[in-house]
Amino acid sequence: MCGIVSYAGFRQAAPILLDGLRKLESRGYDSAGIAVRNSREIVTIKAQGRLQRLYDKTDNGNAVEGFCGIGHTRWATHGEPSEINAHPHASDDGNVVGVHNGIIENYQELKDKLLRKGYHFYSTTDTEVAIKLVDYYWKKYGLGPVDAINRAMVRIRGSYALAIMFRDHPNEVWVARKDSPLIIGAGEGENFVASDVPAILNYTRKVYYIGNMEIGRLTADDITFYNLDGDVITHDPVMIDWDAEAAEKGGFEHYMLKEIHEQPTAVRETMRSYVDGDRIVLEGVDESMLRDLERIYIVGCGSAYHVGMAGKAVLEDLTDLPVETDLASEFRYRNPKLVKNSMVVIISQSGETADSLAALRLAKEKGATVLSIVNVVGSSIARESDCCIYTHAGPEISVATTKAYSTQLIVLYLLAMRIAQLKGLLPDESFSQMMAALSKLPDQIERLLEDKERIQWFASKYANAKDIFFIGRGMDYAISMEGSLKLKEISYIHSEAYAAGELKHGTISLFEDGTLVVGILTQQALFEKTVSNMVEVKSRGAYLMAVTCYGNYSIEDTANFCVYIPKTDEHFMTSLAVIPLQLLAYYISVAKGLNVDKPRNLAKSVTVE
């Protein structure tokens, strides 16, 4: 996600802030900025685009004097990428200056309150709201920093890591967090703040982890922690023994494994953005249009197309609407016939995928409403769509997508549920049950990740396989397609996904002794039929791996290796079943000694046809 770096000490702050932000570049960003306290005031410098522009603006930091400062690289979530929206943000009179990672769910409600109190807003970010809320409590009640920040924290809903400077408290940095990561590094006569370890590894390896709903105060010589009551609390320091390369990956061997483990957080952030209590709020989407829909077309490439395949099953079941899925490269050339009151849903991680962008433009030419699901604010697809729902996966470094796929699924679930509500097809009781199941998904994904050593052991046995097949029925077929793509992308093993019922129509001739077949069995109504298909290929010599739900232990009579996933609403099974398939692909690639993050011949964003 975004990056935070702060410093208080005996050295010039700006070069240290820039160096720390450079260490966080790989997380992705669209703008950057620093604020440094000199002898009189807080000076803020911001730049859109690459961090080098901020280096150039500040003469590598040498043009900005001061021994205390905060810095930030922004990945846009509220408000397009621009210099105005870049952090740091300030109160109207410059009294409070701060940076923020995370998402403030109730920022519009807070903004309306502050507008009534006479505040003005220059950006379209949720961060500016948070900073001015702190300023409001500071001025209204004449509070000190601890109490002003505390009151703001209680009012803010969502996730955040904040680093703040007050004009009236020179050479101090104040921090607070809820759910978003933040660490404090302790040096000799200097102290640091960062959203991740690599930013400060060149300066100290002694760090403190600030707890949830806690506040910290830094000066050059002191670090103090406070709880929400304003009481001083203590934390024990931790020594970091990672090398710099390991720190970039958060201690994981590869970015892909790090991003697989970031999925619970990404899923939580995406749900948090569109769920307000017991309501789904898709900001910017015309609900009257959703209510009147007669048909949906989902268009994407690669993993985004597989999301669409899973989403088709959910949408059709919940909304009773006919749903078509298309590869973008086919949709743009087949002269599609779009019916009246239809919506085209374009799914793209980057928002710049060439075929998907062309499909979007074709759909608009034909008069359809276009809704996009993308991860990058201000991207071409987001700008040209009639409405856009952003995922909150944060940047992906590894070419093979994992967390973007998972967050796209969440958006489609929420879209399907909201349409069903608007059409009167989803009773309140059923809706509440589905919302409860959705809320459990992040914890269930974390539980699945605890089983990775078992999957690693199994993967090592098949590192030299020449052919691997994935089979399933219904939604399980869509999951199979993603599992197969992940494997071939990073392991270079020939892999195919087949609808299990199609095996007898030619495909079964390919199976021979030792061929690995991965069966996906998450849909209870289709469980026995898929088991029968697995028995068929086993009789031809196939070795079977099964992915199914806890309780389906009879599968052990058929499969040689079983992975069990927690039970959830069957509409959401894709979110859980994909995790062991991602891990299988990853560990097979690692066992073969391949470049997991940068597989041959592939690019992260396909911006040419």
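With contacts taken as Cα pairs under 8 Å at a separation of at least 6 residues, the chain carries a relative contact order of 11 percent.
What value, in deg cm²/dmol to 500, does the helix sum -39500 (n - 2.57) over DSSP H runs of n ≥ 4 give at 222 nm once divided by the residues of the chain? Each step should come with its number before you reach the end.
Values: 19 runs with 222 residues, N = 609.
Mean residue ellipticity at 222 nm (helix-derived): -11000 deg cm²/dmol.
So if I average 1/r over every pair of distinct C-alpha atoms in the chain and take the inverse, what Kirkwood radius in Å does that give? Value: 25.5 Å, from the Cα pair sum.
Obtain the radius of gyration and the Kirkwood radius of region 22-124 from its C-alpha atoms and give Rg over Rh.
Working: Rg = 14.3 Å, Rh = 14.6 Å.
In region 22-124, Rg relative to Rh is 0.98.
A straight Cα-to-Cα reach below 20 Å connects K117 with the lysines K132, K139, K140, residues fewer than 8 places away in its own chain not being considered.
Specify the inter-centroid distance of region 515-589 and region 1-68, based on alpha-carbon positions, in whole Å. Using only Cα atoms, the two centres lie 50 Å from each other. Each listed q (0.25 Å⁻¹) maps to a log10 I(q)/I(0) for region 204-268 from the Debye sum over equal C-alpha point scatterers, namely -1.02.
Taking a temperature of 37 °C and a viscosity of 0.692 mPa s, what whole-number D in µm²/s does Stokes-Einstein yield for region 474-609 with Rh from Kirkwood over alpha carbon pairs? It would help to have the intermediate numbers written out before the result.
Details: Rh = 15.8 Å.
Result for D is 208 µm²/s.
So which DSSP H runs in the chain come out at 30 Å plus along the axis (Cα) with average Kyte-Doolittle of at least -0.5?
Working: long enough: 428-449 (32 Å, -0.16).
Helices meeting the criterion: 428-449.
Using bins of 5 Å that start at zero, the share of Cα-Cα pairs per bin across region 524-584 amounts to 4, 16, 28, 25, 19, 6, 1, in whole %. From the alpha carbon centroid of region 459-487 to that of region 246-314 is 22 Å.
Derived value for region 325-448: Kirkwood hydrodynamic radius 15.9 Å. Basis is the mean of 1/r over every pair of different alpha-carbon atoms.
For region 114-261, the average shadow cast by the Cα convex hull is 10.4 nm², which is a quarter of the hull's surface. For the peptides 94-100, 592-598, residues were scored by their other Cβ atoms within 10 Å and the scores averaged per peptide; the highest-first order is 94-100, 592-598. Quick one: which of K529/K567; K504/K598; K178/K598 span more than 25 angstrom between C-alpha atoms? In this structure, K504/K598; K178/K598 lie more than 25 Å apart at Cα. In this simple spin-label model, placing a label point 7 Å from the Cα along the Cα-to-Cβ direction at both Q524 and N171 gives a separation of 6.7 nm.
For the chain, the solvent-accessible area with a 1.4 angstrom probe is 38 square angstrom per residue.
Need one number: % antiparallel among DSSP beta bridges in the chain, to the nearest 5. Could you put the intermediate results ahead of the total?
Details: 61 of 103 bridges.
Given both bridge residues lie in the chain, the antiparallel proportion sits at roughly 60 percent.
How do the peptides 330-337, 420-427, 198-205 rank, highest first, by the average count of neighbouring beta carbon atoms within 10 Å per residue?
On the way: 330-337: 14.6, 420-427: 16.1, 198-205: 21.4.
Descending mean neighbour count gives 198-205, 420-427, 330-337.
Note on region 276-367: semi-axes of the ellipsoid equivalent to its C-alpha gyration tensor, largest first and rounded to whole Å, are 21, 16, 14. For region 412-453 versus region 146-205, the inter-centroid distance based on Cα atoms is 34 Å.
Based on Cα contacts under 8 Å between residues 6+ apart, region 345-457 shows a relative contact order of 17 percent. Remark on C68: its backbone amide H falls under 5 Å from those of A13, R37, a criterion applied only to residues 5 or more positions apart or on other chains, H modelled at 1.01 Å from N. Computed with the Debye formula from one identical point scatterer per Cα of region 319-371, without solvent, the log10 of I(q)/I(0) at q = 0.15, 0.19, 0.23, 0.25 Å⁻¹ comes to -0.38, -0.61, -0.89, -1.03.
Pairs of Cα atoms nearer than 8 Å and 6+ residues apart set the relative contact order; for region 101-226 it is 21 percent.
Working note: Karplus 6.51/-1.76/1.60 with θ = phi - 60° gives region 372-383 the couplings 10, 10, 9, 9, 10, 5, x, 5, 4, 5, 4, 5 Hz, where Gly and Pro are set to x.
The values are calculated or read from the model by the stated rules, or taken from the named source; none is laboratory data. This one's a predicted model, so the numbers in the text were calculated from it and none came from an experiment. In this analysis, Cβ positions are derived from the backbone assuming ideal geometry, glycine residues included, and neighbour counts consider all displayed protein chains. Each accessible area value is taken on the protein alone, full model and side chains, heavy atoms only, with ligands, DNA and RNA left out. Shrake-Rupley method; radii C 1.70, N 1.55, O 1.52, S 1.80 Å.
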